[in-house]
Amino acid sequence: MELRDDHPSLKQPTAAATAVPRSRPAGTLQRARRLQAWGLVLPTLAVLAAVAGWPLARTVFFSLTDARLSALGERRFVGLANYLGETGVLADPQWWASVGNTLLFTACSVTLETLLGLGVALLLNQRSRLRTALRAAVLVPWAIPTVVSAKMWSWMLHDPFGVINTFLVASGLVAEPLAWTADPGLSFVTIVLVDVWKTTPFMALLTLAALQMVPRDIYEAAQVDGVPPWRVFVHLTLPLIMPALQVAMVFRALDALRVFDVIYVMTANSRATRSMSVYVREQLIDFQKIGAGSAAATLLFLTIAVITLAWLMATRSRLRELE
Amino acid sequence: MHPTVRASALAVTLGLASLGAQAVTLKISCGAVGLEFQLCKEETDAWAQKTGHEVQVINAPNDSNERLALYQQILGSGSDKIDIYQIDVVWPGLLASHLVDLRPYTRGAEKEHFPAIIANNTVGERLLAMPWFTDAGLLFYRKDLLEKYKVAPPTTWDALAAAAKKIQDAERAAGNTRMWGFVWQGRAYEGLSCNATEWLASFGGGAVVEANGKVSVNNANAVKALQTAAGWVGTITPKAVLNYAEEDSRGVFQSGNAVFLRNWPYVWALAHKPDSQIAGKVGVMPLPAGGTGSAGGRSAATLGGWQLSVSKYSKNPAIAADLVNYLVGAAVQKDRAIKASYNPTLPALYKDPDIVKANPFMAELGSTFAAAVSRPSTVTAGQYNQVSNLFWNAVHEVISGKTPAARAVADLDRQLNKLAPAEKWN
């Protein structure tokens, strides 16, 4: 139970009550504190409203019009036609294909990088003189801007000139160079792998931070009791780092749902790998359809919001069970 | 205001403008395919030295649809960041509202250029762009390999496929394991629309959208054309071509790993540079015809080419137009033709002995350039980008083996008709 200074039990002349000067009743102080809190939060709220609220509201507004990029001023209000109309986003099979791509991409990449990140974190958590150096080295892929790393991988995976195909062919694993970014059966896998390469360090570091918070004595107790390492991991380590791991996964999932750069750099507008963000950009910029593009952007925002809320609710109830 | 006062005010303004003109910095956006960027820098530097102005050259993306998207973003925001834009032959209609009418500045120079291109660049009486160079798709081939295996330069797609297969297999057996028969541009982008326009036209499969606005793509010849192209992928063409743009395909050809290459004329100059591995071994000819004679097959090349326009938002449109006039003039076009094989847009230059000596094909293939097929940009106007996007995506699905050609063109037909109900484009 929270203790507040206006609680009836505190109205008795206790230490807390006497601390309040007689000339200023408890309510005034509370109001002053509340005002102070608002004063501190207000600048943040103003900045948020300016950089997030206003663009979002404008996007929603444009999604209800037929505005075009070439003539933004000449727009008519069209209601929900951009969403539900015959040529609306929801009736476009390409939109649903990009939704499918995005969800599949998110599921694959977040799962893989969580598992790999956990593995790397467990290795880094071993006491070793190299640990500090390794921790810095692991961060390198995360520190490279995505556009640069995607372009770098494009060259490494290039079909006649790339180093990876050269190795594969030289070692006899494949008969002829693989078209990593061109073959529709391979390009999706390629993009997931490049994304996993880039974001595993992020997961590894967050997981490592959680691992280092686990008290040592429970491991000692487990050792004394002769518990096998696998059971220690499943019943002690995993539950204790789970909250941190889940937060990290939410972060990554949010990032993955709006994936754009890695896909756009490696395979441009190819339908085989088009994500929701790539679809939005195509409508907005390539087709100049600000109305339809804004509708798609709003739907992307709603999709991410719904998935995040569902995820938070699911994990919260599970966390309660754990407690 | 009294007339004389107005006149003197005008004089003062003009005086100020010319004073200001001495320190003007212009920004021009040039392409960077092949030697483009380097040449653009040299030419604008020469103009800057002559006039005392400063010119900054801005590098634009190589994929033309990427470049268009960037330009639309910059122009859409009314930005004066770029004064002069290098624009594709299919864009004047799309960008019309952002460009300056150049007619007051050209002093009639447009009459010396190909009338068809000037007509293309004129939207409702306004001359929005001056032609800089013109392009048409060509077939480059390895003269040495064709002679070695006693194969005649192919005039039909079937002959090309047979020749490519024969030479590719023989070269691979001889230890040249990276050899491929035929490379072109198959990435899902504007370049694929150019390639596929040639296939369709060569088989008599129409121009996707005809000049009267009718969608024509759903026909048996178009299906045949796309099936033929899909048949190359994995046999004479590497699968990676599905992600190749111009420079990727030139890379494969110029490193000696392909027998045939479909590309634009700029490849000629680069293939003959002293450091090229295939210098002296390259021939060039019109693209093959579809079918075999009776089926209405012909050789078809897509019309390409680039123009220079001045942005409406430029602070110095007159000075910018002066630079445009200089760049599209005979002296610069001749220099570009000799150094980098950019086809002049001035008919008079095709008789210039220096140009003919550097680029024998320009005179020989005159009919190819004259009969080049246009993409449906005039009729679809503001929607061209959407049309082209649907087209290249449909083609990409066929050549990557995901959709049969007949279904792809039927779907495309439906989508295009949805875009322009009752054949009305805007």
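Points to keep in mind about this one:
- Selected residue (criterion: nearest to the chain's Cα centre (by Cα)) from residues of segment A:148-162 that are under 17 Å from B:Asn243 (Cβ atoms) and in a helix (DSSP H, G or I): A:Ala150
- Among the residues of this structure, A:Met242 does not count as one that is at pLDDT 90 or above, buried (at least 23 other Cβ atoms within 10 Å of the Cβ), assigned to a helix (DSSP H, G or I) and more than 14 Å from chain B (Cβ to nearest Cβ).
- Condition met for B:Gly291 (touching a Phe, Trp or Tyr at 6+ places or on another chain (Cβ under 7 Å) and on the phi > 0 side of the Ramachandran plot): yes
- Boolean, B:Ala240 is buried (at least 24 other Cβ atoms within 10 Å of the Cβ), within 14 Å of chain A (Cβ to nearest Cβ), over 22 Å from B:Gly290 (Cα atoms) and among the hydrophobic types (A, V, I, L, M, F, W, C): yes
- Scanning segment A:265-278 for residues that are more than 8 Å from every other protein chain (Cβ to nearest Cβ) and either under 16 Å from B:Trp392 (Cβ atoms) or of a type in the set (A, V, I, L, M, F, W, C) (or both) yields A:Val265, A:Met266, A:Thr273, A:Arg274, A:Met276, A:Val278.
- Every condition in (1) assigned to a helix (DSSP H, G or I); (2) under 20 Å from A:Lys151 (Cβ atoms); (3) away from every other protein chain (no Cβ under 14 Å) holds for A:Thr190 except the one numbered (3).
- Residue within segment A:245-263 that is among the hydrophobic types (A, V, I, L, M, F, W, C), crowded, with 22+ Cβ neighbours inside 10 Å and within 14 Å of chain B (Cβ to nearest Cβ) present: yes
- Segment A:68-82: number of residues that are under 20 Å from A:Ile285 (Cβ atoms) and in contact (Cβ under 8 Å) with a residue 60 or more places away in the chain: 6
- Candidates B:Asn212, B:Asn221 - the one that is part of a helix (DSSP H, G or I) and either touching a residue at least 40 places away in the same chain (Cβ under 8 Å) or in the same structural domain as B:Lys418 (by TED's automatic domain parsing) (or both): B:Asn221
- Against the conditions (1) within 14 Å of chain A (Cβ to nearest Cβ); (2) surrounded by fewer than 18 Cβ atoms within 10 Å (Cβ to Cβ), B:Gly108 satisfies every one except (1).
- Scan segment B:10-41 for residues that are surrounded by 12 or more Cβ atoms within 10 Å (Cβ to Cβ) and modelled with pLDDT of 50 or more and the total you get is 18.
- Out of B:Ala405, B:Ala321, B:Ala372, B:Ala420, one residue alone is in contact (Cβ under 8 Å) with a residue 60 or more places away in the chain and within 14 Å of chain A (Cβ to nearest Cβ). It is B:Ala420.
- Residue that is nearest to the other protein chains (Cβ to nearest Cβ) [pool: residues in segment A:281-298 that are farther than 21 Å from A:Phe77 by Cβ and either without any contact (Cβ under 8 Å) to a residue 40 or more places away in the chain or in a strand (DSSP E or B) (or both)]: A:Asp286
- Selection status of A:Ser98, part of a helix (DSSP H, G or I) and in the same structural domain as A:Leu186 (by TED's automatic domain parsing): yes
- Test result for B:Leu261, in the same structural domain as B:Thr177 (by TED's automatic domain parsing) and at pLDDT 95 or above: yes
- Check on B:Ala164, modelled with pLDDT of 95 or more, of a type outside the set (S, T, N, Q), more than 17 Å from B:Arg298 (Cα to Cα) and not assigned by TED's automatic domain parsing to the domain that holds B:Pro344: yes
- Checking every residue in segment A:197-218 against the condition of being assigned to a loop (DSSP other than H, G, I, E, B), of a type in the set (Val, Ile, Thr) and assigned by TED's automatic domain parsing to the domain that holds A:Ser275 gives at least one match.
- Candidates in segment B:34-76 are the residues that are under 14 Å from B:Leu95 (Cβ atoms) and over 17 Å from the mean Cα position of the chain (by Cα); of these, the one that is farthest from the other protein chains (Cβ to nearest Cβ) is B:Ile74.
- Cβ-Cβ distances below 7 Å connect the following pairs, each with a first residue in segment B:67-84 that is touching a residue at least 60 places away in the same chain (Cβ under 8 Å), a second residue that is assigned to a loop (DSSP other than H, G, I, E, B), and a separation of six or more residues or different chains: B:Leu68/B:Trp91; B:Gly78/B:Tyr313; B:Ser79/B:Tyr313; B:Asp80/B:Tyr313; B:Asp80/B:Ser314; B:Asp80/B:Lys315; B:Asp83/B:Ser314; B:Asp83/B:Asn316.
- Cβ-Cβ distances below 7 Å connect the following pairs, each with a first residue in segment B:333-356 that is outside any loop (DSSP other than H, G, I, E, B), a second residue that is of a type in the set (A, V, I, L, M) and surrounded by fewer than 16 Cβ atoms within 10 Å (Cβ to Cβ), and a separation of six or more residues or different chains: B:Leu349/B:Ala330; B:Tyr350/B:Ala363; B:Val356/B:Ala363.
- Residue check, B:Arg262 away from chain A (no Cβ under 14 Å), within 23 Å of A:Thr181 (Cα to Cα) and within 18 Å of the chain's Cα centre (by Cα): yes
- Filtered residues of segment A:62-80 (kept if outside any loop (DSSP other than H, G, I, E, B), hydrophobic (A, V, I, L, M, F, W, C) and surrounded by 14 or more Cβ atoms within 10 Å (Cβ to Cβ)): A:Phe62
- B:Val387 vs. criteria within 14 Å of chain A (Cβ to nearest Cβ), in contact with a Ser or Thr (Cβ under 9 Å, 6 or more places away or on another chain) and of a type in the set (A, V, I, L, M): yes
The values are calculated or read from the model by the stated rules, or taken from the named source; none is laboratory data. This is a predicted model, so every value here is computed, not measured. Using ideal geometry, Cβ is built from the backbone for each residue, glycine included, and neighbour counts are taken over all protein chains shown.
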